[in-house]
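Encoded as structure tokens, the structure appears first; notes follow it.
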Amino acid sequence: MLDVRNLSGGYGRKDIVKHINFSVAKGEFFGIIGPNGSGKTTLLRLINGTLKQAEGSIHLAGKRLESYSPKALARLAATLPQKTDQAFSFSVKETVLFGRYPYQKGIFRQSAERDEEIARKVMEETGVIQFADHAIHELSGGEQQRVYLAQALAQEPDILLLDEPTNFLDLSYQKQLLDLIKSLSIEKGLAVVSVFHDLNIASLYCDRLLMMKNGGIEALHTTDEVIQEQKVNEVYETTVKHLFHRERSRPQIMIEPERAEKTDEAVPFAALIEARSEGLFLETERPLKVLASSQIGAGIGWKRTLISRYVSKEEQPGHLCDFLAAKGINPSSACAALTAVEPEQAVFRSLSIGAVSLFTAVMACPGEGGITVWVMVNGKLSEKALVQALVTVSEAKAAALAEEQTAGGPLPTVHHTDSVLIAADGSGAEFDGALKTEPLGSLISQSVYDCIKEAMRKGSEQ
């Protein structure tokens, strides 16, 4: 649909864009990203014919750009700029009908029935039909942008060119606009080429990305190949960290502040934990980096409140969210799980060797109670270390139960309330590994093994 070959051009005798090559297929959502001054908007203006190329070629639908008359080009490609200002306050319907200009004939260019039909259709698609008779100046910025999108769609283009279309929109309008454009690209086969300032949004919506720097191509590939930590740091000359969206297989980036939060002081886990009648509770002022298998707050996240809610075997457990609400605890900042082991049977242990310091809490007993294991580390744990710590806990738990079985003692049955939680307070030493062959993992293995054995003995004596 769009084919760009060895394209160079700019303003006057100065080439801003240099030797660019790429193509965009029908139905593809193609993004252009790069730092300020990299040539993104200039490239878009060369493609839509606003600027004349100094070198190279642009083909639209198999024909050279310059072979199209202005009206023929407008029927093929439509442009939605960052922000459009109208000197006169036309109605929404009138504004949308301007998009039918390439199809109108005669001196007075009056709207035909076909134009009215298309205008109504695109206003419905963009959700602005209810504003049809309103003056466009009466609408919010997000609503206006949707009107201008409707105007562009009224041209019935095969190619839609966007220049940072969400710059002046709040989150809700950004999502609405981009969801609509993505749908159009899929359902109507519309080729979309958009300049983006926000790398995370570009990654979520685009099929491929072209990353520019100093007028040239730094990367041209799928989003997961282009949005990489090292590449972004080099091109944007900054420091970001790479992460993945929780619900989509698309890479995301986050900026890394130069001055981090102060976390030198260790959290006194042993002093903060409480064994109440309702279960185990631990609350901290500083968010903890947590990996948990709990019913609420599972996965990796930052949490302030850890709860193992005690519910007897005879009692109906109720809903954990209702329990948290009654306590005034925000579920998004908590890890909460159920246990049928009485809180007074919990076993606690603090261990410290060299730079490694941790606190372990275990609730376990023979029979139907499940096993709850909390391991809280005074240190900085990478995601790799958190996952390896989970593996080490599982191995230590299996070893302790295997020994109990060999000794002929009663074992806890596998229970839906079994849970494991690893937490780190960000103080002190940094750890990138926690297998039992490493210092941190060795301490975790020893602590969890000993605590489970003690908890089983304690439970057998009840």
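The values are calculated or read from the model by the stated rules, or taken from the named source; none is laboratory data. Quantities reported herein were computed from a predicted structural model and do not represent experimental measurements. Here the Cβ positions follow ideal geometry from the backbone for every residue, glycine too, while neighbour counts run over all protein chains shown.
Filter the range 126-144 for residues that are without any contact (Cβ under 8 Å) to a residue 40 or more places away in the chain, in contact with a Leu (Cβ under 7 Å, 6 or more places away or on another chain) and within 15 Å of Leu180 (Cα to Cα) and give the result. Matches in the range 126-144: Gly142 only.
Listed conditions (1) at pLDDT 90 or above; (2) touching a strand residue (DSSP E or B) at 6+ places or on another chain (Cβ under 6 Å) are all met by Glu66, apart from (2).
Could you please find all residues in the range 116-135 being at pLDDT below 90 and in a helix (DSSP H, G or I)?
Of the residues in the range 116-135, the ones at pLDDT below 90 are 125-127.
Glu125, the sole residue that qualifies.
Within the range 164-180, residues that are in contact (Cβ under 8 Å) with a residue 60 or more places away in the chain sit with their Cβ atoms under 7 Å from residues that are in a helix (DSSP H, G or I), at 6+ positions apart or across chains, in these pairs: Pro165/Gln145; Pro165/Leu177; Phe168/Gly141.
To keep it simple, each residue is scored yes or no on (1) of a type in the set (D, E, K, R); (2) touching a residue at least 24 places away in the same chain (Cβ under 8 Å).
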{"site": "Asp3", "(1), (2)": "yes, yes"}
{"site": "Asn6", "(1), (2)": "no, yes"}
{"site": "Gly9", "(1), (2)": "no, yes"}
{"site": "Gly27", "(1), (2)": "no, yes"}
{"site": "Ile32", "(1), (2)": "no, yes"}
{"site": "Asn36", "(1), (2)": "no, no"}
{"site": "Leu44", "(1), (2)": "no, yes"}
{"site": "Asn48", "(1), (2)": "no, yes"}
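The residues in the range 338-365 that are surrounded by fewer than 24 Cβ atoms within 10 Å (Cβ to Cβ) and of a type in the set (Phe, Trp, Tyr) can be counted, and the count is 1. If only residues of the range 1-20 that are farther than 13 Å from Lys52 by Cα and not aliphatic (A, V, I, L, M) are counted, the one that is surrounded by the most Cβ atoms within 10 Å (Cβ to Cβ) is Lys18.
Looking only at the range 126-142, which residues are touching a helix residue (DSSP H, G or I) at 6+ places or on another chain (Cβ under 7 Å) and surrounded by fewer than 19 Cβ atoms within 10 Å (Cβ to Cβ)? Walk me through how you get there before you give the answer.
Our first condition is that a residue be touching a helix residue (DSSP H, G or I) at 6+ places or on another chain (Cβ under 7 Å); within the range 126-142, this holds for 126-129, 131-134, 136, 139, 142.
Passing the criteria: Gly127, Ile129, Ala132, Asp133, His134, Leu139, Gly142.
All of Arg276, Arg309 fail the test of being among the basic types (Lys, Arg), more than 17 Å from Ser427 (Cβ to Cβ), touching a helix residue (DSSP H, G or I) at 6+ places or on another chain (Cβ under 7 Å) and in contact (Cβ under 8 Å) with a residue 40 or more places away in the chain, apart from Arg276. For the range 325-332, state whether one or more residues are of a type outside the set (Asp, Glu) and either crowded, with 21+ Cβ neighbours inside 10 Å or assigned to a strand (DSSP E or B) (or both). Checked the range 325-332: no residue is of a type outside the set (Asp, Glu) and either crowded, with 21+ Cβ neighbours inside 10 Å or assigned to a strand (DSSP E or B) (or both). Filtering the range 322-351 down to residues that are polar (S, T, N, Q) and touching a residue at least 40 places away in the same chain (Cβ under 8 Å), which residue is nearest to Ala298 (Cα to Cα)? Selected residue: Ser333.
Exactly one residue out of Gly49, Gly31 is modelled with pLDDT of 90 or more, out of contact with any Pro (no Cβ under 6 Å at 6 or more places or on another chain) and assigned to a strand (DSSP E or B): that is Gly31.
Can you confirm whether the range 252-268 contains a residue that is farther than 30 Å from Gly31 by Cβ and small (Gly, Ala, Ser)? Within the range 252-268, one or more residues are farther than 30 Å from Gly31 by Cβ and small (Gly, Ala, Ser).
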